[in-house]
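Here is the structure we will look at.
The values are calculated or read from the model by the stated rules, or taken from the named source; none is laboratory data. Predicted model only: the values in this text are computed from it and were never measured. We place every Cβ from the backbone using ideal geometry, glycine too, and count neighbours over all the protein chains shown. Just the protein is used for accessible areas: all its heavy atoms, side chains included, with ligands, DNA and RNA removed. Shrake-Rupley method; radii C 1.70, N 1.55, O 1.52, S 1.80 Å.
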Amino acid sequence: MTDVKSSSTGQGPSADQAPARALHTGISDPRTLVMRNLRQSGIFVALVVIVALFAVLTDGVSLSPGNITNIVLQYSYILVLAIGMVIVIIGGHIDLSVGSVVALTGSVSAVLVIQQGHPWWLGVLAALAVGLAVGAWHGFWVAYAGIPAFIVTLAGMLLFRGLTLRVLDNISLSPFPAEYQRIAAGFLNGLLGGQGFDAFTLLIGGVAVAGYAVSGFRTRVARIRYQQPVESFPLFVARVVLVGAVVMYFAWQLAHARGLPIVLIVLAVLVLAYGLLTRRTVFGRQVYAIGGNLPAAMLSGVKVRTVNFWVFVNMGFLSAVAGIIYSSRSNGAQPAAGNMFELDAIAAAFIGGAAVTGGVGTVVGAMVGGLIMAVMSNGMQLMGVDQSMQSVVKGLVLLVAVAFDVYNKRRAGASR
Amino acid sequence: MSDTILEMRNITKTFPGVAALQDVSIVVRRGEIHAICGENGAGKSTLMKVLSGVYPAGSYEGEIIFDGRPVHFRGIRDSEAQGVVIIHQELALVPHLSIAENIFLGNERCGRTGLIDWNRANADATALLESVGLRENAVTPIVALGVGKQQLVEIAKALSKEVKLLILDEPTAALNDVDSAHLLDLLRRLRDRGITCIMISHKLGEITAIADSITVLRDGRTVERLDVRSAEVTQDRIIRGMVGRDLHSFYPDRVSSPGEEVLRVENWTVRHPTQDRRVVDDVSFTVRAGEVVGIAGLMGAGRTELAMSMFGRSYGRDITGRLFLRGREIRARTVAEAIGNGIAYATEDRKRYGLNLIDDIRHNVSAAALRKLARFGWVHDNEEIRVAEASRRDMNIKAPSVMATVGKLSGGNQQKVVLSKWLFTDPEVLILDEPTRGIDVGAKFEIYTIVNRLVAQGKAVVMISSELPELLGMCDRIYTLAAGRLTGELPVSEATQEKLMQLMAKDKEPAR
Ligand SMILES: Nc1ncnc2c1ncn2[C@@H]1O[C@H](COP(=O)(O)OP(=O)(O)OP(=O)(O)O)[C@@H](O)[C@H]1O
Ligand SMILES: [Mg+2]
């Protein structure tokens, strides 16, 4: 660790020295390397362990092409919700209403498309509009009326569940036309011809990996140019290779099942967009600032109300997206749809490293947190574990994950 | 009983990327007041946290010998059981609990039933308050007390624990002169009762006045131990130890050449946010380009309230009055508007109002002017790093990198981050509220130099400070404020501490 220090406490090294110095910042002592990375990527490690565990317990079934496709289809809407939720949590709030909003948006869409026979896209647009309106409603009460989000969204949970029942008149609606079903059950495949597997899926996987490597490398080069400590080059390469291998394996499995699910594309676009939004935009930064220290953010000129308002509008929007996916997947709308989704989304954000007090969390973390939950539920279902036990295990995992995180942070503060 | 109550030998403590203490040793004699001096980030607070078990045995190297025996404190409870009590740099009282509740927090006075015996607790608390010379009712909530009195409550709390060694980390940083003097008196009395004190302070005048011996730290190492009883130790002598060279003057020279008026405030009146009284009452003043204007006043005179209400109405209600910038009336109804108009306000309470402690230096420096680094809402993050690096260099912020978490920096370095943040907004008028609180002499000089550089560029600086020498050393003109009203204005050539004090105490009846 001393090498990190030496590089950066240097009193302004001249620019031509920079690359040489930066290379020295690479952490090479293996023990430190493992410790540091365990701390930073503990959650990734946890995911890998859980995936491996269930692969063994289910004799490899959990990693079969069909099942992987299934996981994606089955949990995509939770992941979409988790994106919005982690942003809400970073801002220091919470949203308990998303399950009800999923139900409401889905049922509005169902009424328009199934009952009244409007085209499928009108249902989608209407659902999005309702989601935005709900978000604006929450945003108004939280940001402008100053009511804590816990209360506002608890009220919203009851309110929008009630409205769902009204809209549906207490009955389920089914089925959607084929185009609407394609949103959650459709695949992009055969675009490059079939050879027993879908080449297009592999191509997209390859493009994703290449994009990851290039952007990672560019960031690294820029960091070095600006004389910031970076991970050592072998470590960087190892990371890219590892991620690349995982993604390509995943793509390979999908390619051997039914191809590239449309929801996966939607999800990937959302993760990418929101990842950038949170890290690289003024808006994203202000959300972190508000969650980290509200008075300080105010005194730095952050328009706290506006930012909070849009955080909730965004949550409403993503709830609608999840509502559309869910209604499409379940091929209809039910009064009880989306029950407890908020808890899964909140759990995903916290397992993914978000802090209860706000100001901390990442979209990618929430995705990994959501995947941990997904892989566990799916694995336990494959093993035929009882519903009740599933719930017990999920609860414990949430607790242990957050406890581990807290422990790590404390140790980082107190230890050498 | 030996003459030495505490010996810490070869203490080494590292944090990821930072060696906070390397091979530090100190010796404290029984019944003395021992001062620890050093620049910001020298490791003073860390050393005391090691001593008091905040960092448990095993997380550092070295030996601690207390009262003749080696000790291995595993936590604060351990050390308190042995009579070592620390009062931290940041007060740790619970605002809405009473004095008595705070004093016995975690150490409750229970009756035979196991329930808290409030009569006994309040009676004991009253006795303790008397011994620290605080005349307050034991059931008064902490929020109703000023910082000076809160500090006394902290000490009363320590005394309730049968303390043998009392550690005070910058106890007077937030106190005015009167309160500080009172506190120092109390420390002397405690010494006479046989309690050993270790005190950290950046106010060297205090140290030469009260300390029996001094340990000087620099960059995490012991530099020297000075014995005040055997030989006179001057401030210059301590400074030489702290910074490793002589510092010839406390205040950098500046040729003052005020230009045209930059800021004019007219009839500024502010009401208390919840109570029906005026906190700032009909205040008018001006600041010219290239001028440093001081605002002096006692605790509660309304200095911070004046500044914050001008800064986008971030304090108070029913604000009336007018603000002019370079002759044009401006509206600054939100902080963003104020910043946009070129006003910057660096708060006196950096932890609560100044910094996002869980984020890094980089993001804190850019926080108030992120738009300058962004195009279409898109932050240019490498540019941000460059800006933060430049601040780290210019302000001499001690941190392993700009990615270091601000909450882990030493107090003085945090203050420099606050200043960097406001300098980056490139203000016309910079309002500094207690800019050197908790800052070491070297860094003070740096900050003064920065202020001078700003005014040389034609900027206007308003400086609020409880340290009159600082105002006299830095300002061109000084206004005094008492109970929300302006009571005087003096050019620095005519001002003296006595005159200022008189004006500051002039208006005793409270504003309506
Ligand atoms: N928890 C922590 N994690 C990482 N670094 C830390 C932590 N606590 C302190 N440090 C670092 O250790 C060094 C010493 O800090 P310390 O707080 O002891 O300084 P100090 O002498 O008390 O300064 P000041 O006068 O500003 O209060 C600093 O460089 C600081 O950044
Ligand atoms: Mg300190």
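What do you reckon, is B:Val417 assigned to a helix (DSSP H, G or I), within 16 Å of ligand 2 (Cβ to nearest atom), at pLDDT 90 or above and open to solvent by less than 10 Å² (accessible area, probe 1.4 Å)?
So B:Val417 passes the test.
Look through A:Gly26, A:Gly84, A:Gly42 and report the one residue that is modelled with pLDDT under 85 and crowded, with 18+ Cβ neighbours inside 10 Å.
On the way: A:Gly84 fails: modelled with pLDDT under 85; A:Gly42 fails: crowded, with 18+ Cβ neighbours inside 10 Å.
None of the others qualify; the one that does is A:Gly26.
Are there any helices (runs of 4 or more DSSP H) wholly within the range B:52-154 with 2 or more residues that are of a type in the set (D, E, K, R), and if so which? Full working, then the answer.
Numbers: elements: B:76-81, B:99-103, B:118-131.
The qualifying helices (runs of 4 or more DSSP H) are B:76-81, B:118-131.
Working carefully through the options B:Ile76, B:Ile64, find the one that is free of Cβ contacts under 8 Å to residues at least 60 places away in the same chain and either open to solvent by 40 Å² or more (accessible area, probe 1.4 Å) or within 16 Å of ligand 2 (Cβ to nearest atom) (or both).
Numbers: B:Ile64 fails: either open to solvent by 40 Å² or more (accessible area, probe 1.4 Å) or within 16 Å of ligand 2 (Cβ to nearest atom) (or both).
Sole residue among the options that is free of Cβ contacts under 8 Å to residues at least 60 places away in the same chain and either open to solvent by 40 Å² or more (accessible area, probe 1.4 Å) or within 16 Å of ligand 2 (Cβ to nearest atom) (or both): B:Ile76.
May I ask you to say which residue of B:Tyr315, B:Tyr345 is touching a Ser or Thr at 6+ places or on another chain (Cβ under 6 Å) and either open to solvent by 10 Å² or more (accessible area, probe 1.4 Å) or not small (Gly, Ala, Ser) (or both)?
After ruling out the rest, the residue left standing is B:Tyr315.
List pairs: first in the range B:322-338 and within 14 Å of chain A (Cβ to nearest Cβ), second assigned to a loop (DSSP other than H, G, I, E, B) and of a type in the set (Lys, Arg), Cβ under 7 Å, 6+ apart or cross-chain?
The qualifying pairs are B:Arg333/B:Arg313; B:Ala336/A:Lys303; B:Glu337/B:Arg331.
Give me the strands (runs of 3 or more DSSP E) completely within the range B:277-368, filtered to those with at least 1 residues that are under 26 Å from the mean Cα position of the chain (by Cα) and hydroxyl-bearing (Ser, Thr, Tyr), ordered by residue number.
Per the criteria, B:343-346.
Taking B:Leu175, is it in the same structural domain as B:Ile239 (by TED's automatic domain parsing), over 23 Å from B:Asp227 (Cα atoms), open to solvent by less than 20 Å² (accessible area, probe 1.4 Å) and in a loop (DSSP other than H, G, I, E, B)?
So B:Leu175 fits the description; yes.
Does at least one position in the range B:446-463 carry a residue that is under 30 Å from B:His363 (Cβ atoms) and among the basic types (Lys, Arg)?
yes
Restricting to the range A:156-168, give me the number of residues that are without any contact (Cβ under 8 Å) to a residue 12 or more places away in the chain and open to solvent by 40 Å² or more (accessible area, probe 1.4 Å). Full working, then the answer.
Here is the first cut: in the range A:156-168, the ones without any contact (Cβ under 8 Å) to a residue 12 or more places away in the chain are A:162, A:166.
Now drop any that are not open to solvent by 40 Å² or more (accessible area, probe 1.4 Å), which leaves A:166.
Qualifying residue count for the region: 1.
Just checking, which of B:Leu115, B:Leu91, B:Leu128 is free of Cβ contacts under 8 Å to residues at least 24 places away in the same chain and of a type in the set (A, V, I, L, M, F, W, C)?
Details: B:Leu91 fails: free of Cβ contacts under 8 Å to residues at least 24 places away in the same chain; B:Leu128 fails: free of Cβ contacts under 8 Å to residues at least 24 places away in the same chain.
Only one candidate passes the filter, namely B:Leu115.
Looking only at the range A:257-281, filter to residues that are crowded, with 19+ Cβ neighbours inside 10 Å and β-branched (Val, Ile, Thr); which one of those is nearest to the other protein chains (Cβ to nearest Cβ)?
Residue satisfying both the conditions and the ranking: A:Thr278.
Look at B:Gly58 and say whether it is more than 16 Å from ligand 2 (Cβ to nearest atom), small (Gly, Ala, Ser), open to solvent by 10 Å² or more (accessible area, probe 1.4 Å) and in contact (Cβ under 8 Å) with a residue 40 or more places away in the chain.
no
I'd like to check something: does the range B:216-235 contain any residue that is open to solvent by less than 10 Å² (accessible area, probe 1.4 Å), away from ligand 2 (no atom under 16 Å from the Cβ) and within 24 Å of the chain's Cα centre (by Cα)?
Within the range B:216-235, not a single residue is open to solvent by less than 10 Å² (accessible area, probe 1.4 Å), away from ligand 2 (no atom under 16 Å from the Cβ) and within 24 Å of the chain's Cα centre (by Cα).
Name the residue, out of A:Met376, A:Met367, A:Met389, that is in a helix (DSSP H, G or I) and free of Cβ contacts under 8 Å to residues at least 24 places away in the same chain.
Every option except A:Met389 fails the conditions.
Working carefully through the options B:Arg392, B:Arg477, find the one that is at pLDDT 90 or above, away from ligand 2 (no atom under 16 Å from the Cβ) and within 24 Å of B:Gly17 (Cβ to Cβ).
Result: B:Arg392 is the single residue among B:Arg392, B:Arg477 that is at pLDDT 90 or above, away from ligand 2 (no atom under 16 Å from the Cβ) and within 24 Å of B:Gly17 (Cβ to Cβ).
With respect to the numbered conditions (1) in a helix (DSSP H, G or I); (2) touching a Lys or Arg at 6+ places or on another chain (Cβ under 9 Å), which one is the sole condition not fulfilled by B:Lys372?
(2)
Return the total of residues in the range B:187-202 being in contact (Cβ under 8 Å) with a residue 40 or more places away in the chain and assigned to a loop (DSSP other than H, G, I, E, B).
So the count comes out to 4.
Yes/no matrix, rows are residues, columns are (1) within 14 Å of chain A (Cβ to nearest Cβ); (2) open to solvent by less than 10 Å² (accessible area, probe 1.4 Å):
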residue	(1), (2)
B:Asp23	no, no
B:Val28	no, yes
B:Cys37	no, yes
B:Gly41	yes, no
B:Thr46	yes, no
B:Val54	yes, no
B:Gln82	no, no
B:Ile86	no, no
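Please tell me if B:Gly17 is away from ligand 2 (no atom under 16 Å from the Cβ) and either buried (at least 22 other Cβ atoms within 10 Å of the Cβ) or in contact (Cβ under 8 Å) with a residue 24 or more places away in the chain (or both).
Against the criterion (away from ligand 2 (no atom under 16 Å from the Cβ) and either buried (at least 22 other Cβ atoms within 10 Å of the Cβ) or in contact (Cβ under 8 Å) with a residue 24 or more places away in the chain (or both)), B:Gly17 qualifies.
What residue, of B:Gly205, B:Gly194, is of a type outside the set (Lys, Arg), more than 16 Å from ligand 1 (Cβ to nearest atom), away from every other protein chain (no Cβ under 14 Å) and on the phi > 0 side of the Ramachandran plot?
From the options B:Gly205, B:Gly194, the qualifying one is B:Gly194.
Being of a type in the set (Asp, Glu) and away from ligand 1 (no atom under 12 Å from the Cβ) is the filter here; which residues of the range B:21-71 pass it?
B:Asp23, B:Glu32, B:Glu61, B:Glu63, B:Asp67
Starting from the range B:22-35, take each residue that is over 13 Å from B:Glu7 (Cα atoms) and list its partners that are among the hydrophobic types (A, V, I, L, M, F, W, C) and in a loop (DSSP other than H, G, I, E, B), counting only C-beta distances under 6 angstrom and pairs at least six apart or across chains.
Filtered contacts from the range B:22-35: B:Ile33/B:Ala211; B:Ala35/B:Ala211.
Please count how many residues of the range A:87-135 are open to solvent by less than 10 Å² (accessible area, probe 1.4 Å) and closer than 20 Å to A:Ala347 by Cα.
Total satisfying the criteria: 13.
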